[in-house]
1. Looking at THR260, THR268, which is the one that is farther than 22 Å from THR116 by Cα, within 12 Å of the ligand (Cβ to nearest atom) and among the polar types (S, T, N, Q)?
2. So if I check each of VAL236, VAL292, which one is within 12 Å of the ligand (Cβ to nearest atom) and more than 20 Å from SER90 (Cα to Cα)?
3. In the range 205-220, what residues are surrounded by 17 or more Cβ atoms within 10 Å (Cβ to Cβ) and touching a strand residue (DSSP E or B) at 6+ places or on another chain (Cβ under 7 Å)?
4. Looking only at the range 145-189, count how many residues are within 19 Å of ARG41 (Cβ to Cβ) and among the aliphatic types (A, V, I, L, M).
5. Of the residues GLU313, GLU274, which single one is within 9 Å of the ligand (Cβ to nearest atom) and of a type in the set (Asp, Glu)?
6. Taking helices (runs of 4 or more DSSP H) that do not extend beyond the range 87-204, which have at least 1 residues that are within 16 Å of the ligand (Cβ to nearest atom) and buried (at least 23 other Cβ atoms within 10 Å of the Cβ)?
7. List the pairs whose first member sits in the range 273-287 and is touching a residue at least 40 places away in the same chain (Cβ under 8 Å), whose second member is of a type in the set (S, T, N, Q) and surrounded by fewer than 17 Cβ atoms within 10 Å (Cβ to Cβ), and whose Cβ atoms are under 7 Å apart, counting only residues at least 6 apart or on separate chains?
8. Being without any contact (Cβ under 8 Å) to a residue 24 or more places away in the chain and either more than 16 Å from the ligand (Cβ to nearest atom) or hydroxyl-bearing (Ser, Thr, Tyr) (or both) is the filter here; which residues of the range 17-45 pass it?
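Each value in this text was obtained by applying a stated rule to the coordinates, not by laboratory testing. This one's a predicted model, so the numbers in the text were calculated from it and none came from an experiment. Heads up, the Cβs are rebuilt from the backbone with ideal geometry, glycines too, and the neighbour counts pull from every protein chain shown.
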Amino acid sequence: MRAVEISTPGPPEVLQPVERPDPVAAAGEVLIRVAAAGVNRPDVLQRRGAYPPPPGASDLPGLEVAGVIEARGDGAAEWRIGDRVCALVSGGGYAALCTAPAVQCLPIPASMDFVTAAAIPETFFTVWTNVFDRGRLRAGETALFHGGSSGIGTTAIQLAAARGARVFATAGSDDKCRACEQLGAERGINYRTEDFVNVIKQVTDGLGVDLILDIVGGDYIARDIAALAVEGRLVVIGFMGGDTATLDFRRILGRRLTITGSTLRPRTPAEKGEIAAALRREVWPLLERGEVKPIVYRTFPLEQAAAAHALMESSEHVGKIVLTV
Ligand SMILES: NC(=O)c1ccc[n+]([C@@H]2O[C@H](COP(=O)([O-])OP(=O)(O)OC[C@H]3O[C@@H](n4cnc5c(N)ncnc54)[C@H](OP(=O)(O)O)[C@@H]3O)[C@@H](O)[C@H]2O)c1
């Protein structure tokens, strides 16, 4: 099969088109003929050598695919050959064929194309488990999403707004802030020109927000703590600004705050299957009705994965970058 591999850790150019043997679906898995594969920031980390695949996962990059079921392993009876699915995978997405645990597949809504569907799994699974499950965001509450224009941010804004939360988001330009507002954020906050703690205090009458989803880390953490309301939750899922922080615990005690975080990739298929079931129940109706839609910024042919990564590292994009196979 055609695939793109990480020839050695390094810059985007280390992503090289190759021929690889076709993968085989093991028990509980399906084999998907890939039509499109999403690009995610963790792929960039993996390419640089900073995010190795978990044991047993493909060494090829790619955490999400959309395509057609080509074969089934034993015990994957819930899907039929020819079904259109999108799937969360632990690697191997940058390829013409990819195996996926059957429980990590979801049906592509009838009116949705493969490119749009490939932009769903990684951010929707991540946002669901961190914002609504771990972070317990409820209708009527307030949320702040850092990196509002990212794949994660554009998903979080739409889902939280659709489920009745008041949403705020930070981003690195005024244009990105307006894009966040078009997706459902009440107020985009340009972190280059505004202090998000001050803005959050203004827009919440001094109370702070109930939930913050942070992909930046570093010196944002102490500021997040200052921007949270009583019983607020901080969920950390990335460290693009640094992986250590110094905190004043008096505010955590005084305001009864919760600090948590998680990473999706090493979790078991059973755990990911539970997230898939929740998405199918709670989020798929929104996708089917078009009330929530993955934002695809640009597509590249699979063989141009290096250009797709260069674009992602420029941070020019709003939403998702997708490879077509
Ligand atoms: N824990 C998990 O399970 C999990 C799963 C998936 C992704 N993630 C993490 O979530 C984050 C977003 O992933 P994604 O695929 O949505 O990324 P993405 O689409 O590439 O977006 C990242 C955006 O973050 C913004 N940003 C803010 N501070 C930054 C900084 N210090 N350095 C670089 N960019 C910065 C940039 O926009 P502006 O600066 O212009 O606003 C950039 O466009 C990543 O950290 C990723 O590792 C975690």
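1. THR260
2. Testing whether each residue is within 12 Å of the ligand (Cβ to nearest atom) and more than 20 Å from SER90 (Cα to Cα) leaves just VAL236.
3. Correct list: GLY208, VAL209, ASP210, LEU211, ILE212, LEU213, ASP214, GLY217, TYR220.
4. 8
5. GLU313
6. The qualifying helices (runs of 4 or more DSSP H) are 114-118, 121-127, 151-162, 174-182.
7. none
8. Listed by number, the residues that qualify are VAL18, GLU19, PRO21.
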